[in-house]
Amino acid sequence: MHRFKYKDGSLYCENVNVARIAKEVGTPLYIYSKNTLLDHYRKIRNALREVSPLICFSVKSNSNLAVLKTLVAAGAGLDIVSGGELYRAKLVKADPGKIVYAGVGKKRDEIMDAIRYGIFFFNVESDEELALINTCAGEMKRKVNVAVRINPDVRVLTHDYITTGMGGTKFGVDFKRARAIFRSSWKYRNTRIRGVHIHIGSQILGARPFQNAIKKVLKFLEANKIVVEYLNIGGGLGIVYSLEKPQTASRFAKDILPLVRKSKLKLILEPGRFISGNSGIMVTKVLFRKRTGQKNFIIVDSGMNDFVRPSLYEAYHTIAPVTKPQGRVKKRRYDIVGPICESGDFLAKNRTLPAVAQGSLLAVMGAGAYGYTMSSNYNSRPRAPEVMVDKKRFFVVKKREAYKDLVEGEAY
Ligand code: LLP
């Protein structure tokens with residue numbers, strides 16, 4: 001459930017009229033609902049309460065400092081994948097004891113910074129990375145916790161680009177390598193291999209792939225008499241974008257808890273989209289309408305640089321009018337496209353919508369995860385602002401970029 005609802009035909013975020021925000025801040029813009037973020041975080045936390053999991057919000061899904069601060073203040077940990085995300089974590093004073101750090105290509109400086117901050121776990125993805133972390137820890141006279149990321153080779157029905165737990169992807173190590181790493185753990189004196197990590201993909205609608213992956217990993221630990229304390233099952237819980245019927249948090253908990261209980265391992269999760277996805281929308285304005293060949297186009301003021309999911313993954317996002325047209329309005333089939341000079345620049349294709357007027361506002365729903373974080377300056381377009389709504393009030397939590405920001409640091 002999210003807190004974007006119509007009241008008398010106008011879209012609201014919590015108790016604030018979306019059109020009012022757009023009028024003050026301009027378009028395109030992102031709007032986040034603080035209380036939806038909190039609801040979603042608490043939903044997953046409460047569902048798994050019995051095992052007191054560490055829930056590390058996946059910063060890559062939405063890294064705005066106000067979003068991170070909201071979740072950190074509510075008790076969440078953070079899942080980071082870069083020095084930049086660590087920097088954000090420090091700014092919001094995230095508890096280092098609740099930070100896990102994944103990613104196949106960590107650099108020396110990034111590792112050193114993370115050790116200095118005292119993060120809880122490095123999720124390591126190769127022997128060479130483990131060796132480097134061990135060396136860095138040695139130089140700093142520290143002992144660091146490591147979880148071996150295992151690629152459990154399970155089938156997940158989702159877009160190819162966001163499948164990570166099948167053989168043949170770059171993530172983690174296979175069981176054979178994992179066994180070799182555990183056998184040679186004595187070589188890495190400055191690390192303690194205290195956990196195993198899996199992340200099998202994103203936008204996963206049912207518990208089955210998670211169950212399969214957890215079972216495989218537990219079997220592996222048992223068969224090889226490997227003792228660890230933590231089981232990190234990554235993120236990946238799917239959400240509703242259209243007609244999906246994803247598992248609820250409590251269904252997910254019912255399905256995986258028996259396995260977790262039996263393992264006696266402490267549980268870590270890294271949800272991103274589940275918390276932030278439906279907590280945000282992007283609002284865009286209709287610039288022009290036109291008909292070419294057989295098609296009706298709505299040309300809006302946001303492009304693939306602002307929101308790339310439809311172009312990159314052919315992702316479906318509901319497009320909703322910010323003000324519902326009154327009376328009987330004819331519906332038409334449209335392609336909703338942006339101003340970028342590429343045919344792949346679209347928000348939606350063949351979408352049936354009530355006829356929209358020039359200058360009217362459209363909301364791209366479910367844009368809170370992998371929306372702003374994947375935006376760019378392509379076509380020299382300044383990035384959109386971000387707004388956070390808390391009940392009756394709203395705050396600009398990232399200013400719209402100016403043209404001068406586009407050339408910052410360039411020399412000529
Ligand atoms: N943990 C790890 C190690 C990950 O790689 C990811 C996401 C997560 C957690 C969080 O996954 P989530 O709960 O959000 O599904 N840009 C794509 C999604 C890429 C996900 C990458 N890894 C999209 O827009 O769908």
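The values are calculated or read from the model by the stated rules, or taken from the named source; none is laboratory data. A quick note: this is a predicted structure, and the numbers were derived from the prediction, not measured. In this analysis, Cβ positions are derived from the backbone assuming ideal geometry, glycine residues included, and neighbour counts consider all displayed protein chains. Heavy atoms of the whole protein, side chains included, go into the accessibility calculation; ligands, DNA and RNA do not. Shrake-Rupley method; radii C 1.70, N 1.55, O 1.52, S 1.80 Å.
Key figures
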quantity: C-alpha long axis of helix 208-223 to longest principal axis of the chain, angle in °; calculated: 10 degrees
quantity: Positive-pole candidate from L37, G238, S250, dipole of the stretch 34-276, charges at beta carbon; calculated: S250
quantity: Degrees, to the nearest 10: 127-139 long Cα axis against longest axis of the chain; calculated: 80 degrees
quantity: Computed over the stretch 277-412: relative contact order in percent, which uses C-alpha pairs under 8 Å that are six or more apart; calculated: 29 percent
quantity: Coil-residue GluC sites (Glu not before Pro) of the stretch 213-250, DSSP, other Cβ within 10 Å capped at 14; calculated: E229, E244
quantity: Reach of K295 by Cα under 14 Å, taken over aspartates and glutamates that are not fewer than 8 positions away in the same chain; calculated: D335
quantity: Cα centroid separation, the stretch 267-300 to the stretch 162-211 (Å); calculated: 33 Å
quantity: Order by protection proxy (mean Cβ within 10 Å, highest first), peptides 6-18, 48-60; calculated: 48-60, 6-18
quantity: For the chain, with +1 on Lys and Arg beta carbons and -1 on Asp and Glu, the positive-most of Y334, T352, G168 along the dipole; calculated: T352
quantity: Tilt relative to the chain, helix 108-117 - C-alpha long axis, 0 to 90 degrees, to 10; calculated: 80 degrees
quantity: Segment R142-A74, extension gain: residue separation times 0.36 nm, minus the distance between their alpha carbons; calculated: 21.5 nm
quantity: Accessible area of the chain belonging to carbon and sulfur atoms, whole % at 1.4 Å probe; calculated: 51 percent
quantity: Solvent-accessible heavy-atom area per residue, rounded to whole Å², over the chain at 1.4 Å; calculated: 47 Å²
quantity: Local electrostatic count at G26 - Lys and Arg +1, Asp and Glu -1, tallied over other residues with Cβ under 14 Å; calculated: +3
quantity: MRE, 222 nm, helices only [DSSP H, n ≥ 4, -39500 (n - 2.57), over the chain, to nearest 500]; calculated: -8500 deg cm²/dmol
quantity: Most fluctuating residue given options S343, S311, S279, as computed from a GNM of the chain linking Cα atoms under 10 Å; calculated: S343
quantity: Share antiparallel - DSSP beta bridges, the chain, percent rounded to 5; calculated: 50 percent
quantity: Where Rh is the Kirkwood radius over Cα pairs, Rg/Rh for the chain; calculated: 1.00
quantity: Sequence-distant lysines (8 or more away, or on other chains) whose Cα lies within less than 19 Å of K215; calculated: K176, K225, K254, K262, K264, K266
quantity: Mean separation of Cα contacts under 8 Å (6+ apart) over length of the chain, as relative contact order %; calculated: 20 percent
